[in-house]
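Undergrad: Pasting a structure here, questions to come.
The values are calculated or read from the model by the stated rules, or taken from the named source; none is laboratory data. Quantities reported herein were computed from a predicted structural model and do not represent experimental measurements. Note that we place each Cβ from the backbone using ideal geometry, even for glycine, and neighbour counts take in every protein chain shown.
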Amino acid sequence: MKAGSGNWKGVALLALAVLALAATVKERHLLRRALKRGPEPRGSVLHLAFASPALGRDAVYWVYLPPGFDPSGRARYPVLYLLHGLFRSESAYISRVDADLAADRLIAEKKIAPLILVMPEGDSSFYVNWKADPKARWEDFIVRDLVAEVDQRFPTVADRAGRALAGFSMGGFGAIRLALIHRDLFSAASSQYGAFEIAATDLPYLGGKLKQAFGEDPAAYSASSPLELIASTGLQPGELAIYLDAGEDDAWALDEQAREFDRRLTARNIPHTFSIFPGNHTDSYLRDHISEILIFHSRHFEP
């Protein structure tokens, strides 16, 4: 045994004990992040608000700016928009997924180039313009208001080559759907255990939000499905870089939806990356695989 290794193990065990005894979920997340943070240079994380015409109110988002970010310099940065899942908030990719820590590490290891991460609020919206509420135009919020806000506030690569969407669960649905519809704005999209087909029903725990979003007509659900949008938007090989993954034990069987999406892309000869990993519909799954998402998008941002 090397000198000092026993002390190190003792500190680690103590830290794990403190983690287990943390009084709140927030405290556990903060402690986990503190233990996970490495020696590499840190980017900065900001929580910002701006007036959104699509929502008729101020909207909020988190933004990650990479180490060495200089707003007055000549560098322009590509932007990856990260869309959270159901029952999460704009903080999820920071507090639960550690996307900022992963980006710091991958930039330091030169596995990805510096980029900006934007993490907007999404409520339980499915990122569509709601049928029942003209002030809940969530699709317009993302593709009009937020993109314009980010391009105006930061030195971005302000064209489709410098923009991509990613998301998990409900956010995976939103990322793939929005990218398929708005290929003039986004060059790539990725999904982690995304919901690719929404049933025309309203589960009790959703509080009627599916009907508010999609309406009563089952055809509206089908028309919004990424499974159907592959054909209905006329997606051609090479138009959109696509990545998807899911856990093989997904509690909502979204791994089966991912497999069906893979089959439909393959049938149309659409190049894409598809992986099924061990795991379930959990935050830990996302943390384990956020690096794959960042590396995929960084490669497709490269000229």
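Undergrad: Between ALA132, ALA175, ALA166, which is of a type outside the set (Val, Ile, Thr), in a helix (DSSP H, G or I) and farther than 24 Å from SER72 by Cα?
TA: Just one listed residue meets the conditions, ALA175.
Undergrad: Being at pLDDT 70 or above, in the same structural domain as LYS135 (by TED's automatic domain parsing) and in contact with a strand residue (DSSP E or B) (Cβ under 6 Å, 6 or more places away or on another chain): is that true of ASP58 here?
TA: Criteria met by ASP58.
Undergrad: Can you tell me which residues in the stretch 250-260 are in contact (Cβ under 8 Å) with a residue 12 or more places away in the chain and either basic (Lys, Arg) or surrounded by fewer than 15 Cβ atoms within 10 Å (Cβ to Cβ) (or both)? Break it down stepwise before answering.
TA: At the first step, the residues of the stretch 250-260 found to be in contact (Cβ under 8 Å) with a residue 12 or more places away in the chain are 250-252, 254-255, 257-260.
Result: ALA251, TRP252, ARG259, GLU260.
Undergrad: Quick one: in the stretch 69-95, which of the residues that are in contact with a Pro (Cβ under 7 Å, 6 or more places away or on another chain) and part of a loop (DSSP other than H, G, I, E, B) is surrounded by the most Cβ atoms within 10 Å (Cβ to Cβ)?
TA: Among residues in the stretch 69-95 that are in contact with a Pro (Cβ under 7 Å, 6 or more places away or on another chain) and part of a loop (DSSP other than H, G, I, E, B), the one surrounded by the most Cβ atoms within 10 Å (Cβ to Cβ) is GLU90.
Undergrad: Let me ask you something else. Tell me the residue from LEU101, LEU117 that is closer than 24 Å to ASP145 by Cβ, assigned by TED's automatic domain parsing to the domain that holds ARG287 and not in a loop (DSSP other than H, G, I, E, B), please.
TA: Testing whether each residue is closer than 24 Å to ASP145 by Cβ, assigned by TED's automatic domain parsing to the domain that holds ARG287 and not in a loop (DSSP other than H, G, I, E, B) leaves just LEU117.
Undergrad: Out of the residues in the stretch 290-303 that are hydrophobic (A, V, I, L, M, F, W, C) and within 13 Å of ALA164 (Cβ to Cβ), which is surrounded by the fewest Cβ atoms within 10 Å (Cβ to Cβ)? Don't jump to the end; show me each part of the working.
TA: From the stretch 290-303, those hydrophobic (A, V, I, L, M, F, W, C) are 290, 293-296, 301; that's our starting set.
Next cut, within 13 Å of ALA164 (Cβ to Cβ) only: 293-296, 301.
Details: ILE293: 24, LEU294: 23, ILE295: 15, PHE296: 21, PHE301: 22.
In this case the residue turns out to be ILE295.
Undergrad: Keeping to the stretch 42-60, report how many residues are buried (at least 21 other Cβ atoms within 10 Å of the Cβ) and of a type in the set (Phe, Trp, Tyr).
TA: 0
Undergrad: Confirm whether ARG287 is modelled with pLDDT of 95 or more, in a helix (DSSP H, G or I), assigned by TED's automatic domain parsing to the domain that holds ASP123 and surrounded by fewer than 16 Cβ atoms within 10 Å (Cβ to Cβ). Walk me through how you get there before you give the answer.
TA: On the way: modelled with pLDDT of 95 or more: yes; in a helix (DSSP H, G or I): yes; assigned by TED's automatic domain parsing to the domain that holds ASP123: yes; surrounded by fewer than 16 Cβ atoms within 10 Å (Cβ to Cβ): no.
Against the criterion (modelled with pLDDT of 95 or more, in a helix (DSSP H, G or I), assigned by TED's automatic domain parsing to the domain that holds ASP123 and surrounded by fewer than 16 Cβ atoms within 10 Å (Cβ to Cβ)), ARG287 does not qualify.
Undergrad: Listed residues ARG163, ARG153; which is buried (at least 23 other Cβ atoms within 10 Å of the Cβ), charged (D, E, K, R) and more than 21 Å from SER89 (Cα to Cα)?
TA: That would be ARG163, the only listed residue that is buried (at least 23 other Cβ atoms within 10 Å of the Cβ), charged (D, E, K, R) and more than 21 Å from SER89 (Cα to Cα).
Undergrad: Could I ask something else about it? Looking at ARG37, is it closer than 24 Å to ILE290 by Cα, at pLDDT below 95 and surrounded by fewer than 15 Cβ atoms within 10 Å (Cβ to Cβ)? Explain how you work it out, then say what you get.
TA: Values: closer than 24 Å to ILE290 by Cα: yes; at pLDDT below 95: yes; surrounded by fewer than 15 Cβ atoms within 10 Å (Cβ to Cβ): yes.
Taking the combined requirement at face value, the residue satisfies it.
Undergrad: I want to confirm something. Restricting to the stretch 178-217 and keeping residues that are in a helix (DSSP H, G or I) and modelled with pLDDT of 95 or more, which single residue is nearest to ILE293 (Cα to Cα)?
TA: As a first pass, look at the stretch 178-217 and keep what is in a helix (DSSP H, G or I): 178-181, 204-206, 209-214.
With modelled with pLDDT of 95 or more added as a condition, the list becomes 178-181.
Numbers: LEU178: 17, ALA179: 16, LEU180: 18, ILE181: 21 Å.
My answer is ALA179.
Undergrad: Quick one: count up the residues across the stretch 123-150 that are more than 16 Å from SER190 (Cβ to Cβ) and either among the β-branched types (Val, Ile, Thr) or surrounded by 22 or more Cβ atoms within 10 Å (Cβ to Cβ) (or both). Walk me through how you get there before you give the answer.
TA: Initially, the stretch 123-150 is screened for residues more than 16 Å from SER190 (Cβ to Cβ), giving 123-126, 128-141, 143-150.
The next check asks that each one be either among the β-branched types (Val, Ile, Thr) or surrounded by 22 or more Cβ atoms within 10 Å (Cβ to Cβ) (or both); those that pass are 125-126, 128, 138, 141, 143, 147, 150.
Qualifying residue count for the region: 8.
Undergrad: Here's a follow-up. Tell me yes or no: at least one residue of the stretch 66-82 is among the charged types (D, E, K, R) and under 12 Å from GLY167 (Cα atoms). Even if it seems obvious, please write down each step before you answer.
TA: Quick first cut of the stretch 66-82, residues among the charged types (D, E, K, R) only: 70, 74, 76.
Filter again for under 12 Å from GLY167 (Cα atoms), leaving none.
No - not one qualifying residue is present in the stretch 66-82.
Undergrad: Let me ask another. Looking only at the stretch 103-122, which residues are surrounded by 23 or more Cβ atoms within 10 Å (Cβ to Cβ) and either in contact with a Cys (Cβ under 7 Å, 6 or more places away or on another chain) or closer than 16 Å to GLY167 by Cβ (or both)?
TA: Answer for the stretch 103-122, where residues must be surrounded by 23 or more Cβ atoms within 10 Å (Cβ to Cβ) and either in contact with a Cys (Cβ under 7 Å, 6 or more places away or on another chain) or closer than 16 Å to GLY167 by Cβ (or both): LEU117, VAL118, MET119, PRO120, GLY122.
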